[in-house]
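Undergrad: This is the structure I have questions about; it appears just below.
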Amino acid sequence: MSWWIALLLLAPSFAQEDDEDVPVDDVTGLPDVRALDLGDDDDLDIAMPPPPEPVKVGPPALALDPGTALPLTAAFPASIEAVGSGVVVVELPVYVAKAPRSPEPGLMLIGEFLVGGAKVGETRQILEPASVLANGPTYAFLQAAVPAATPTGTVTIVVKTAAKDGKGAKEAFRTTVDWSL
């Protein structure tokens with residue numbers, strides 16, 4: 001016997017004799033909840049808070065101003081962007097060009113990262129004339145995760161320029177940043 005047939009046969013035994021105000025379905029013998037008056041929703045006095053204002057999510061504005069600095073000089077300090085278990089993430093914004101001047105016929109920007117005098121990382125970016133902004137200064141960002149074997153230390157970043165193929169690299173400037181884990 002299926003469960004719904006058993007329910008139909010047993011349903012009258014669950015009905016209470018003194019509960020005459022609950023309508024009963026003539027076919028099933030079960031309480032007909034569709035006929036019950038449960039009141040209006042207006043009877044509920046629940047104060048709903050206003051919906052929250054939408055949160056504007058997006059990247060922060062780029063707050064770099066080279067002022068009177070010349071391109072490919074130490075116009076901005078390096079910073080520690082993150083620290084982890086035995087590692088620090090270092091970033092250096094590099095002022096590359098004034099608008100509308102551009103590196104011709106292309107320039108490779110090289111960032112060497114040194115800890116304790118030993119090279120621990122390198123990053124390279126190729127800057128084409130098309131990558132230079134027409135309406136403002138152009139920046140490149142050199143970033144690397146470097147090992148931090150001690151609780152404090154210093155990262156030296158050596159910035160070099162080279163031809164697009166990487167040949168003829170020349171040091172443009174160097175800067176340092178300290179970390180503390």
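Undergrad: For Y139, work out the one condition from (1) out of contact with any Ser or Thr (no Cβ under 9 Å at 6 or more places or on another chain); (2) farther than 12 Å from L72 by Cα; (3) touching a residue at least 40 places away in the same chain (Cβ under 8 Å) it doesn't fulfil.
TA: (2)
Undergrad: Then there's this: Would you confirm, using the coordinates I've provided, whether L109 is in contact (Cβ under 8 Å) with a residue 12 or more places away in the chain, under 21 Å from V177 (Cβ atoms), surrounded by fewer than 18 Cβ atoms within 10 Å (Cβ to Cβ) and out of contact with any Cys (no Cβ under 7 Å at 6 or more places or on another chain)?
TA: For L109, the condition - in contact (Cβ under 8 Å) with a residue 12 or more places away in the chain, under 21 Å from V177 (Cβ atoms), surrounded by fewer than 18 Cβ atoms within 10 Å (Cβ to Cβ) and out of contact with any Cys (no Cβ under 7 Å at 6 or more places or on another chain) - is not met.
Undergrad: Please go through region 105-126 and pick out each residue that is in a loop (DSSP other than H, G, I, E, B) and within 21 Å of A149 (Cβ to Cβ).
TA: Across region 105-126, the qualifying residues are G116, G117.
Undergrad: Looking at (1) out of contact with any Gly (no Cβ under 7 Å at 6 or more places or on another chain); (2) at pLDDT 95 or above; (3) of a type in the set (F, W, Y), find the lone condition where Y95 falls short.
TA: Unmet condition: (2).
Undergrad: Can you name every residue in region 141-169 that is of a type in the set (D, E, K, R) and at pLDDT 95 or above?
TA: K160
Undergrad: Which one of the conditions (1) of a type in the set (D, E, K, R); (2) surrounded by fewer than 13 Cβ atoms within 10 Å (Cβ to Cβ); (3) in a strand (DSSP E or B) does R174 fail to meet, given that it meets all the rest?
TA: In the conditions (1) of a type in the set (D, E, K, R); (2) surrounded by fewer than 13 Cβ atoms within 10 Å (Cβ to Cβ); (3) in a strand (DSSP E or B), R174 misses (2) alone.
Undergrad: Can you name every residue in region 127-151 that is β-branched (V, I, T) and either part of a loop (DSSP other than H, G, I, E, B) or closer than 21 Å to L64 by Cα (or both)?
TA: Matches in region 127-151: V132, T138, T150.
Undergrad: To continue, here is another question. Which of the residues that make up region 64-86 are surrounded by 16 or more Cβ atoms within 10 Å (Cβ to Cβ) and not in a loop (DSSP other than H, G, I, E, B)?
TA: I80, the sole residue that qualifies.
The values are calculated or read from the model by the stated rules, or taken from the named source; none is laboratory data. Quick caveat, the model's predicted, so the values are computed rather than measured. Virtual Cβ from ideal backbone geometry, glycine too; neighbours counted across all protein chains shown.
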